[in-house]
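Below is one structure; the comments refer to it alone.
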Amino acid sequence: SSLAQAPALRRAARPAAPAAMSEDATRSLMAEGAAAVQGTMASLKKGRTKGDLDRAKDYIKGFAMSDEVPEDSPIKQALRCFLKWGLKPLIMVIMFYVWVCKQLYKVYLMLPMNLARMVFGVGLCFFGGVYFTALAAAEAAINIGGKDLLEHLNTVYTEMLVAAEASEKDDKVDADNDKIADVDQMTFNQLMSHKAYVTMAAVSDPMKLQKALVALSTMWMSVLATLKLEFAKTVALAIGIANQLSLPACRFFGPPLAMLMGKDLNHWVQTIITVTIKVACVIVATYVQAYISAFYSGLRGGKLFGESLFNIMSERGWLEKLPDCIVAKPFDANESYLDEVIAYPLAAVGFYCQVQSQFTIMHPFDWFLLPLTVFEWVLRYQVWT
């Protein structure tokens, strides 16, 4: 009987079918849904529709066009004072060194290639250890870029000269004929915008300049990465040596330093000793690198000097006039060792002078090499930090 009653029980347990929704209720529900969608769209429209770059552009544009910072504000007065009394002397010093470099470059073009190599070789022999980071960067740049490096540098230098010449001509323009240059009558904002316009108009091929700048920046990053890797190896070796010396140093310096520090600061003894050892090892590693660079630059500079000297003597026929006991006739550069006889003693003298001077440049060469010294320290900062 229970089995016979099961279908009836299942039919009774089924939920009743919902009643048909009236037409007014359907319209009301659709209206509520449309209102919800419109509210969501309105909230989205009120939200942020611009990216960070567009917002930054609008901010800068609004700040430049606003009157919040008048022309005679203390900020602009201080900036004018800095540009007049601080930046101009610096620019004059830079222009002086640029002029010196131009004259040296003219002399370099006038000199025979072998004579220029001799001068460069002597400079390497006596000053190469001071600029060990710059030498490593030059070697890396030559290996990475080679001839393209000189081409890109020449492109940037040429465009800079054109822009500088256009700016000098613009400084003399007096369009209103009031015997006062137009640039002297401009406000700070007008002058900056005007000079930017003159500079951009003077560049004849912006795409070529852009390609050269991108190539140079890429090469610069590659050189820095190479130097950082080499410096990381040096630091790792120095830290390894310091770790090996930490225990003997703690045994030797620990007792007297603990007595000086007292019981309250006794826990600092080990830290002070280990940090001091590590810093000392890094400094020693840096000096060792300077010694290695001085030895390398001495050898390379001596080889350049010796080879160039004998090239000049061979071109002018001076070797043929030397006795046969010194120079075999006919002279064959591939079988001669006379250039090494000159190169290695010169390298030894240059290395000795660098070590004796503690890798400092004597006066007055330090003034002429000041731009290279600044470049060396900037390069060291970027590599070591």
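The values are calculated or read from the model by the stated rules, or taken from the named source; none is laboratory data. Given the structure is predicted, the values throughout are model-derived calculations rather than measurements. Neighbour counts run over all protein chains shown; Cβ positions are idealised from the backbone, glycine included. Each accessible area value is taken on the protein alone, full model and side chains, heavy atoms only, with ligands, DNA and RNA left out. Shrake-Rupley method; radii C 1.70, N 1.55, O 1.52, S 1.80 Å.
A simple rule links phi to the HN-Hα coupling: the Karplus curve 6.51 cos²θ - 1.76 cosθ + 1.60 with θ = phi - 60°, which for the range 344-353 gives 5, x, 5, 4, 5, 5, x, 5, 5, 5 Hz, with x for Gly and Pro.
Share of the range 149-201's accessible area from carbon and sulfur, percent, 1.4 Å?
Working: 2320 of 3800 Å².
Carbon and sulfur together cover 61 percent of it.
Consider a paramagnetic label point 7 Å from the Cα of residue 249 along Cα→Cβ; state which residues of the range 268-284 have an amide N under 11 Å from it. The answer is 270-284.
With the convex hull built on the Cα atoms of the range 192-341, state its orientation-averaged projected area in nm². Can you show the working numbers first?
On the way: hull surface 86.2 nm².
Its average projected convex-hull area is 21.5 nm².
Per-residue 3J(HN,Hα) values for the range 286-301, derived from phi via the Karplus relation 6.51 cos²θ - 1.76 cosθ + 1.60 with θ = phi - 60°, read 5, 5, 4, 4, 5, 5, 4, 5, 5, 5, 5, 5, x, 5, 5, x Hz in sequence order (x marks Gly and Pro). Quick one: if the Förster radius is 51 Å, what FRET efficiency do residue 180 and residue 314 give, using the C-beta to C-beta distance and rounding to 0.05? Calculated value: 0.20.
For the range 182-243, the equivalent ellipsoid built from the Cα gyration tensor has semi-axes of 46, 18, 5 Å, listed from largest to smallest. Extension gain, residue 360-residue 211: 0.36 nm per intervening residue step, less the Cα-Cα distance, totals 49.8 nm.
For labels at residue 169 and residue 110 in the simple 7 Å Cα→Cβ model, what's the distance in nm? Once both label points are built, they end up 2.8 nm from each other. Modelled label positions at residue 30 and residue 337, each set 7 Å beyond Cα in the direction of Cβ, lie 10.7 nm from each other. Cβ-Cβ distance of residue 261 and residue 233, R₀ of 41 Å, FRET efficiency by 1/(1 + (r/R0)^6): the value works out to about 0.70. Carbon-plus-sulfur accessible fraction, the range 306-385 (probe radius 1.4 Å, protein heavy atoms only): 66%. Cross-link pairs exceeding 31 Å between alpha carbons, from the set 106/329; 102/195; 106/208; 102/169: 106/329.
Accessible surface area normalised per residue over the range 236-385 is 68 Å², counting heavy atoms of protein chains with a 1.4 Å rolling probe.
What the phi angles of the range 219-234 give under the Karplus curve with 6.51, -1.76 and 1.60, with θ = phi - 60°, is a coupling list of 5, 5, 5, 5, 5, 4, 5, 5, 5, 4, 5, 5, 5, 5, 5, 4 Hz, glycine and proline written as x.
Using only the alpha-carbon atoms of the range 221-263 as identical scatterers, what base-10 log of I(q)/I(0) does the Debye formula give at q = 0.20, 0.27 Å⁻¹? These q points yield log10 I(q)/I(0) values of -0.68, -0.86.
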